[in-house]
Amino acid sequence: MSFFDDIPEPPQRPRPPRHVPPVWAGPPSDELPAVIAVGQFLHRSEGMVMAAKSVEVFSTGCLFEVVWAVRRSGEKDSEWSLIADQCFNRGGYRLDAEGGRGGALRFGVALPDGRKTTASHLHPGMFDGSGTVAGPVLMMAGGGGGSANDDELFASSRFWLWPLPLGGDTRVVAQWDDLGMAEVSVLISGEQLTAAAPKVQKYWAGR
């Protein structure tokens, strides 16, 4: 008999209740989205490119993916370091003298019914525990970035929009004054969103 054979099994630990985040806070964790390729430039200049890459459609909302690249020209090391910080932090940590976000990245959407919202718009109910939030809600939902050399930077960001906009085209709007990008926009086809919605797949049958 092995030394370990007669050691009793540890007692079962109680399972904590399953946390279900509110629908406005992000995409469902148990769905395979339908993906719409957008592939449209929002901005192209000698020093910067930004493009709307794709839309991931879920049953409750959608994720927009935006990518950008910045190319160095004659910037000093200190100037390039500041640009890199703005690029990777989405400009969100630089405050101006009045406490605003200055020329940071701004991102918003205009819905088919005339409503609009931005990624910096805080809604009543988000943090007071009531759980009641009136849409539309747009939130930054992750991203990444990197650099293969000292002359180019690449980054991306995803934005979660709730609820899923149907019934017409949705306009995606971006502006980044610090990097020389004036307000620009691109239309996401309402027909494509409507066609994609039934293609969303649940991970688990019967749920």
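Values quoted throughout were computed directly from the atomic coordinates according to the rules given, and no laboratory measurement underlies them. As the structure is a prediction and not an experimental result, all values here were calculated from the model. For neighbour counting, all protein chains shown are included, and Cβ atoms are generated from backbone atoms with ideal geometry for every residue, glycine included.
Tabulated values for the structure
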quantity	calculated
Residues listed by number, segment 133-161, amide nitrogen under 16 Å from residue 115 label point at 7 Å toward C-beta	133-139, 160-161
Charge context of residue 180, other residues only, Cβ under 15 angstrom, K/R +1, D/E -1	-2
Computed over the chain, Cα set: Rg, Dmax in Å	21.6, 76
Rounded to 10°, Cα long-axis angle of helix 77-88 versus longest principal axis of the chain	50
The chain: calculated mean residue ellipticity at 222 nm from DSSP helix runs of at least 4, using -39500 (n - 2.57)	-2500 deg cm²/dmol
Estimated FRET transfer efficiency (residue 151, residue 185; beta-carbon r; R0 30 Å; 0.05)	0.55
Separation between Cα centres of segment 157-207 and segment 22-91, rounded to whole Å	13
FRET E, pair residue 12, residue 132, Förster distance 41 Å, beta-carbon r, rounded to 0.05	0.65
Qualifying lysines (Cα of each under 22 Å from Cα of residue 53; at least 8 residues distant if same chain)	116, 199
Ordering of 157-170, 178-191, 104-117, 14-27 by burial proxy (mean other Cβ atoms within 10 Å per residue, highest first)	157-170, 104-117, 178-191, 14-27
